[in-house]
Amino acid sequence: MTQAGGQSAPSGAGGQMAGQLRAARVLTGLLERGARDGLPVLEWAISHAGARVTGRCYAQPGAARRAALAAWAAAPGIRLGEEHHQDSRMTTITGTAKPERTRHGFATITLTGDIWED
């Protein structure tokens, strides 16, 4: 891979790009499964390094957000945990699947969402 001016890109960039491509393939599989299974819509992001995909839920109200995260967590078998932030009256729900082999290579999938007290 070359940059403008014909210079070679840093060696790590190729590895990072490969990780992002792998993550994009994993995300495509997740979205296909979500569409097939009627799962709620999440915001998805691919990390700048490695095959990491993060789904963030913004559903309203908080109960719908919690339910959406639980539905997505059940699909790949992610265990969700909760952390209550007393000062902001918010609970963060997060779960990460250990890096597991997919048909596209190893990938890490994280789900997260914040729920504020009423």
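If R0 is 35 Å, what FRET efficiency do you get for ALA13 and ARG36 from their C-beta distance, rounded to 0.05?
0.50
Once you keep just the Cα pairs under 8 angstrom separated by 6 or more residues, what percentage relative contact order results for region 24-118?
Reported as a whole number, the value is 28 percent.
Each reported figure results from applying straightforward, stated rules to the coordinates on display, with no laboratory input. Small disclaimer: the values here were computed from a predicted structure and weren't measured. With ideal geometry, Cβ positions are generated from the backbone for all residues, glycine too; neighbour counts draw on all protein chains shown.
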